[in-house]
Amino acid sequence: MTEAVLAGIRVLDFTRYVSGPYATMLLADAGAEVIKVEPPGGEVTRTLPPLLKTEEGEISTYFLRLNRGKKSVTLDARSAEDRPVLEELIRSADVLVENFRPGTLESWGLDWERLQQLNPRLVYASISGFGHSDSPCRDWPAFNLVAEAMAGVVSQLPTPEKRPRAAGLPFGDTVASLHAVNGIVMALLRRTRTGRGSRVDIAMYDAMLSMNEWSIAVQSGAGVEVDLGTDVHPWFAPYGLFEASDGWLCICVATDPHWQAFCRVAGWDDLAVDPRLQRGLDRAANFHDLIEPRLREWLATLTAREAAVRLAEAGVPAAPLQRPADLLEDEQARARDMIIDAPATAGTSIKLAGNPVRIEPRPAAHATGFSEPGQHNEEILAGLRPFPDDVSASA
């Protein structure tokens, strides 16, 4: 097997909750040695629900889903007693990742200038709600919903008839994580040329605003406010989620050839040549009157998967709407290693989403287990310098 892509890269992980741990988990998946630096007793998400019951006790599923393949050391980053150990750890690292509010590391005496003094080759990546540069909202606290709402990424915009709804998944966190990984890898690549590290500043708000690029461009270029919650696309039809006999599927007729292929599958010879339906704009304008009644009738005779298969095989983008329970058994997900079995304890495993980055030739398998707080204190810290008894005792 080929060596892992990030083999030999040491990452210090000071993160918690979602945006930071998801990023460092992806780095661990790629073969980096990720060392989770936790306060004594472990970081906060180790206790958050929902809980997985095992013979050894209860484990936080919140924690398990984001921390596979990482090592753990425990120390108090704010204490003068542990400071020498912390600084030696920083000197040994290639990357440091944190997702505290801006100013937190500075309060520990670890601003960017000090980090550069300790390790000029260090890549320092921060993930925060609104970034570390000067801005009106720099010091605001933020979770994913804050970033999604302020960046306009909601499933429907507020009107007198309907209220806005959050996306439901933590996109504000995970999209920022992906940009952080991208920035870290780019900084490591630049380091191979310059020999020096970089600072990577990722804001969740920025990440979500970049996802909202379509709405921004339409508003700027056409003066049109895109309603993200409508059941009819403003320029294409049928395009969206539609109900079949046993559930829902998505159908994306975005081009005229898609429309012709759709009509052949559904047996709509008359609609295929109807002059009112020859362009996307016309199909959107006439969707409710001309297309929707026939679409409901056709889908009522098929399951969501049957309809999706027929359309996809004819070249029309379509797929059944799947629930989490469906994904655990999904043949496509299994074939792409996107559902993995990670050992939670010696006798218990948990199914988790895999890593979507697939590189050929395939690298050697990476660790997927989970560490107890301070499990690797002796392995990691003893090689640096003597460390306090209260730290080594938790190893």
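Every residue, every condition in (1) out of contact with any Cys (no Cβ under 8 Å at 6 or more places or on another chain); (2) at pLDDT 95 or above; (3) over 16 Å from Trp248 (Cβ atoms), yes or no:
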{"position": "Arg276", "(1), (2), (3)": "yes, yes, yes"}
{"position": "Ala284", "(1), (2), (3)": "yes, no, yes"}
{"position": "Leu295", "(1), (2), (3)": "yes, yes, no"}
{"position": "Ala300", "(1), (2), (3)": "yes, yes, no"}
{"position": "Thr303", "(1), (2), (3)": "yes, yes, no"}
{"position": "Ala307", "(1), (2), (3)": "yes, yes, no"}
{"position": "Leu321", "(1), (2), (3)": "no, no, no"}
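Out of all the residues in the stretch 20-38, is one or more closer than 24 Å to Leu122 by Cα and in contact with a Pro (Cβ under 7 Å, 6 or more places away or on another chain)? Yes: one or more hits.
Only helices (runs of 4 or more DSSP H) wholly contained in the stretch 1-94 count here; list those with 3 or more residues that are among the β-branched types (Val, Ile, Thr) and crowded, with 24+ Cβ neighbours inside 10 Å. Before you say what the answer is, go through the steps one by one.
On the way: elements: 19-29, 61-64, 83-91.
Result: empty, no element qualifies.
Among the residues of the stretch 65-82, those that are of a type outside the set (A, V, I, L, M, F, W, C) and touching a residue at least 12 places away in the same chain (Cβ under 8 Å) comprise Arg65, Asn67, Arg68, Gly69, Lys70, Lys71, Ser72, Thr74, Asp76, Arg78, Glu81, Asp82. Report yes if Thr104 is polar (S, T, N, Q), over 30 Å from Arg196 (Cβ atoms) and in the same structural domain as Glu372 (by TED's automatic domain parsing), otherwise no. The answer is no for Thr104. Inclusion of Pro363 among residues that are at pLDDT below 85, farther than 30 Å from Asp82 by Cβ and either over 32 Å from the mean Cα position of the chain (by Cα) or of a type outside the set (D, E, K, R) (or both) is warranted. Considering the stretch 312-325, and only residues there that are touching a residue at least 60 places away in the same chain (Cβ under 8 Å) and outside any loop (DSSP other than H, G, I, E, B), the residue that is surrounded by the most Cβ atoms within 10 Å (Cβ to Cβ) turns out to be Ala318.
Of all positions in the stretch 98-120, at least one carries a residue that is of a type in the set (S, T, N, Q), in contact (Cβ under 8 Å) with a residue 12 or more places away in the chain and buried (at least 24 other Cβ atoms within 10 Å of the Cβ).
Hey, Leu169 hits all of (1) more than 15 Å from the chain's Cα centre (by Cα); (2) loosely packed, with under 13 Cβ neighbours inside 10 Å but one; which does it fall short on? Among (1) more than 15 Å from the chain's Cα centre (by Cα); (2) loosely packed, with under 13 Cβ neighbours inside 10 Å, Leu169 violates only (1).
For the stretch 221-230, check the following and say yes or no: at least one residue is outside the structural domain of Arg310 (by TED's automatic domain parsing), under 18 Å from Glu313 (Cα atoms) and modelled with pLDDT of 85 or more. Among the residues of the stretch 221-230, not one is outside the structural domain of Arg310 (by TED's automatic domain parsing), under 18 Å from Glu313 (Cα atoms) and modelled with pLDDT of 85 or more, which makes the answer no. Within the stretch 284-311, the set of residues being touching a Gly at 6+ places or on another chain (Cβ under 9 Å), more than 14 Å from Trp268 (Cβ to Cβ) and assigned to a helix (DSSP H, G or I) comprises Ala304, Arg305. Candidates Leu145, Leu178: the one that is in the same structural domain as Asp111 (by TED's automatic domain parsing), under 20 Å from Arg65 (Cβ atoms), at pLDDT 95 or above and surrounded by fewer than 21 Cβ atoms within 10 Å (Cβ to Cβ) is Leu178.
The values are calculated or read from the model by the stated rules, or taken from the named source; none is laboratory data. This structure is a prediction, so every number in the text was calculated from the model and none was measured. For neighbour counting, all protein chains shown are included, and Cβ atoms are generated from backbone atoms with ideal geometry for every residue, glycine included.
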